[in-house]
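Below you'll find the structure, written out as structure tokens, and then a few comments.
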Amino acid sequence: MTGRFTAGKQVAIVGYAQSAIERHSASPLGVLAVETARAAIADAGLAVDQVDGFVTASLFPSAGAHLPEDGVSLVSANWLAEHLGLSPRYAAGFQGFGQIPGSVSIAVNAVASGAADYVLVHRALHNPRGVYHENPMQEVRGDRQWTAPQGYFGPLAMIALAYNEYLQRYGARRESMAEVLVEARKNGSRIPWSYWYDQPLDAEEYLAAPMINDPICRFDCDIPVDGVAAFLFTSAERAKDLPHPPVYVAGYASGVPATKRLPLHWPLDDIMSVGTCLAQRLWDSAGVKPGQIDLPQLYDGFSPFVYFWLEALGFCPVGEAHRFVEKGGIDSDSPTGLPILSGGGALGNGRMHGVPQMLECYLQLSRRAGERQRTKTTLGLACHSSPHYGGAILYSADPL
Amino acid sequence: MKELVRPFPVPDEQSAEFWKAASEHVLTIARCSRCAALTHPPDVVCPHCHSTDPAFEFTPVSGRGTIRSWTVMRKSFLPGFDNDVPFVLVDVELVEQADLRLIGRLIDGVTVPLAVGNAVRLAFEDIAPGVAVPAFALEDRA
């Protein structure tokens, strides 16, 4: 067994659309989703009634007290199909972390198996009024009772513990992370649909921001937004008749179950040990090596994930990511830089989860990136979430 | 509007013994009756031997351990902690078993210098009559 996918490059992205990325949209999330889905279907040169598969991960990733509601704060695959007036052959939702690669892998499997011919993958993200993660709970039930009475609550504390473990273990300095923020916001500032369009960030401003949960400040976190993205998947064969150059899925991998922990406890060793296995399965799935990737789009919903992914995927040695970024290793404007945030990432676009990574792979590999088009983009990688719970997809501009 | 307080744990079938012992300032950890490994928090299947009938027993532990990581909570997303910020949370590996990790407050305050590997001992915070939450304190360094 080699781990190589038999359906590698047999399924492709053939079109996309994305809504405006705003702090609070004037339209309900469900309306954005329906309009974005219609736009994506049209972009792919298809009619709405040709779409016979719907896949999403609908999770509303807030620790706050907001009660999630389909069509309002999240949009499920069934909700979207129904509101497009369709009864699709296939509808599914991904349940885990790494929502974007998880959804893409389900969509690829659906097309490869023949369960559906044209699958729409969407992600709808909502920013409720008030503080995103704030929760006035006075009683704690379920698994949070092991941590919330102590004051351990919310994802900032979660990433703070893992990041501090990294800083202490490798003697890294917070100052190095400024390179990540400057790079993400530089690229985001060039993207018209980004929340941060025309708003780059400099290292001084980053380092002057007060800590929230040390060593995490607000710039280390992506900003919550309302937004929807949608992508159309079909077979490589059907893609030949459609208007845009297809971008093929060459392989994918997701994190295997990690050690049982307290809620939201993500120790560095868990992240890296599972992440390293994920990376090996990813390379095996497509028979490629890290050095062949032109466009590795790394997830950055919290800035330390950039270090963890750089190291787990083998783009730099373990413990060296902070030096790698300090030396200009991720400057996408430099011929020697690795363009890991050329699409702006979540830090440079807003909390669209792994959408910016996937979208940058699609736009660059289909040669649809306009003024931002890079010259050599054949093999792309888009990952999402933490290396131990998330996933990654390999995209190829070349057919089988 | 009534001022929010720190959230209270609501004991359930699985956690009742833990919180009862905690109220008496005893830290207990679930021990699998099949393989004797400690698990925190307990689960319905033992994560070590995968027994579906682990018959966990809450066993008193020393509460001594070492700091693996920490964070200073300058803001809490639980408004019930607004009067407590800033405070330090430590990720502690207990001496009883490799990689047995608990997270709790460090009661020494936010100005004391910390390092990975610092030894800690158990402390408790009494947040209401009959409700105590496990916490940690730095061991006195000789």
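Things to note:
- The conditions of being out of contact with any Lys or Arg (no Cβ under 7 Å at 6 or more places or on another chain) and at positive phi are not met by A:Leu278.
- Summed over segment A:75-90, the residues that are surrounded by fewer than 23 Cβ atoms within 10 Å (Cβ to Cβ) and out of contact with any Gly (no Cβ under 7 Å at 6 or more places or on another chain) give a count of 7.
- Selected residue (criterion: surrounded by the most Cβ atoms within 10 Å (Cβ to Cβ)) from residues of segment A:184-204 that are in contact with a helix residue (DSSP H, G or I) (Cβ under 8 Å, 6 or more places away or on another chain) and either part of a helix (DSSP H, G or I) or within 14 Å of chain B (Cβ to nearest Cβ) (or both): A:Ala184
- Selection count where residues are assigned to a strand (DSSP E or B) and either among the hydrophobic types (A, V, I, L, M, F, W, C) or not assigned by TED's automatic domain parsing to the domain that holds B:Ala30 (or both), scope segment B:46-58: 1
- Of everything in segment B:30-53 that is of a type in the set (A, V, I, L, M) and in contact with a Ser or Thr (Cβ under 6 Å, 6 or more places away or on another chain), the residue that is surrounded by the most Cβ atoms within 10 Å (Cβ to Cβ) is B:Ala30.
- Residues of segment B:88-103 that turn out to be in a loop (DSSP other than H, G, I, E, B) and away from every other protein chain (no Cβ under 11 Å), as a count: 4
Each row is one residue, and each column tells you yes or no for (1) surrounded by 15 or more Cβ atoms within 10 Å (Cβ to Cβ); (2) assigned by TED's automatic domain parsing to the domain that holds B:Phe18; (3) assigned to a strand (DSSP E or B); (4) at pLDDT 95 or above.
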residue	(1), (2), (3), (4)
B:Arg105	yes, no, yes, yes
B:Asp108	yes, no, no, yes
B:Pro113	no, no, no, yes
B:Ala123	yes, no, yes, yes
B:Asp126	no, no, yes, yes
B:Ala132	yes, no, yes, yes
B:Ala142	no, no, no, no
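- Some residue of segment A:99-114 being in a loop (DSSP other than H, G, I, E, B) and in contact with a helix residue (DSSP H, G or I) (Cβ under 9 Å, 6 or more places away or on another chain): no
- Per the conditions (1) over 26 Å from A:Tyr252 (Cβ atoms); (2) modelled with pLDDT of 95 or more; (3) within 14 Å of chain B (Cβ to nearest Cβ), the sole criterion not satisfied by A:Ala162 is (1).
- Residue check for B:Val5: over 19 Å from B:Gly130 (Cβ atoms) and hydrophobic (A, V, I, L, M, F, W, C): no
- When segment A:1-57 is filtered for residues that are assigned to a loop (DSSP other than H, G, I, E, B) and of a type in the set (A, V, I, L, M), the ones remaining, listed by number, are A:Met1, A:Ala7, A:Ala20, A:Ile21, A:Ala26, A:Ala44, A:Leu46, A:Ala47, A:Val51, A:Ala57.
- Residue check for B:Ser15: among the small types (Gly, Ala, Ser), within 30 Å of B:Ala128 (Cα to Cα) and buried (at least 21 other Cβ atoms within 10 Å of the Cβ): yes
- Restricting attention to segment A:253-309, the residues that are at pLDDT below 95 and within 20 Å of A:Phe324 (Cβ to Cβ) add up to 0.
- Applying the criterion of being among the aliphatic types (A, V, I, L, M) and either surrounded by 22 or more Cβ atoms within 10 Å (Cβ to Cβ) or within 14 Å of another protein chain (Cβ to nearest Cβ) (or both) to the residues of segment A:165-181, the residue that is nearest to A:Ile330 (Cα to Cα) is A:Val180.
- Considered as a group, the residues in segment A:205-221 that are without any contact (Cβ under 8 Å) to a residue 60 or more places away in the chain and either within 8 Å of chain B (Cβ to nearest Cβ) or not in a helix (DSSP H, G or I) (or both) include one that is surrounded by the fewest Cβ atoms within 10 Å (Cβ to Cβ), and that residue is A:Pro210.
- Residues being out of contact with any helix residue (DSSP H, G or I) (no Cβ under 8 Å at 6 or more places or on another chain), outside any helix (DSSP H, G or I) and either more than 7 Å from chain B (Cβ to nearest Cβ) or β-branched (Val, Ile, Thr) (or both) - total across segment A:133-153: 1
- Qualifying residue in segment B:55-64 (condition: of a type in the set (A, V, I, L, M) and under 25 Å from B:Asp126 (Cβ atoms)): yes
- Looking only at residues of segment A:64-85 that are within 18 Å of A:Arg129 (Cβ to Cβ) and in contact (Cβ under 8 Å) with a residue 40 or more places away in the chain, we find that the one that is nearest to the chain's Cα centre (by Cα) is A:Leu74.
- Residue check, A:Ile106 touching a Gly at 6+ places or on another chain (Cβ under 6 Å), more than 14 Å from every other protein chain (Cβ to nearest Cβ) and β-branched (Val, Ile, Thr): no
- Given (1) touching a residue at least 24 places away in the same chain (Cβ under 8 Å); (2) over 19 Å from the mean Cα position of the chain (by Cα), index of the condition B:Cys49 fails: (1)
- Residue within segment B:30-40 that is part of a loop (DSSP other than H, G, I, E, B), in contact with a Phe, Trp or Tyr (Cβ under 8 Å, 6 or more places away or on another chain) and of a type in the set (Lys, Arg) present: no
- A:Met177 passes every criterion in (1) in contact with a Ser or Thr (Cβ under 6 Å, 6 or more places away or on another chain); (2) assigned to a loop (DSSP other than H, G, I, E, B) apart from (2).
- Within segment B:65-78, the presence of a residue that is touching a helix residue (DSSP H, G or I) at 6+ places or on another chain (Cβ under 7 Å), surrounded by fewer than 21 Cβ atoms within 10 Å (Cβ to Cβ), in a loop (DSSP other than H, G, I, E, B) and at the interface with chain A (Cβ under 7 Å from one of its Cβ atoms) is excluded.
- From the list B:Phe136, B:Phe56, B:Phe81, the one residue that fits, being more than 27 Å from A:Met211 (Cα to Cα), surrounded by 15 or more Cβ atoms within 10 Å (Cβ to Cβ) and touching a residue at least 24 places away in the same chain (Cβ under 8 Å), is B:Phe56.
The values are calculated or read from the model by the stated rules, or taken from the named source; none is laboratory data. Just so we're clear, the structure is a prediction, and the values are computed from it rather than from any experiment. Here Cβ is always computed from backbone atoms with ideal geometry, including for glycine, and neighbour counts include all displayed protein chains.
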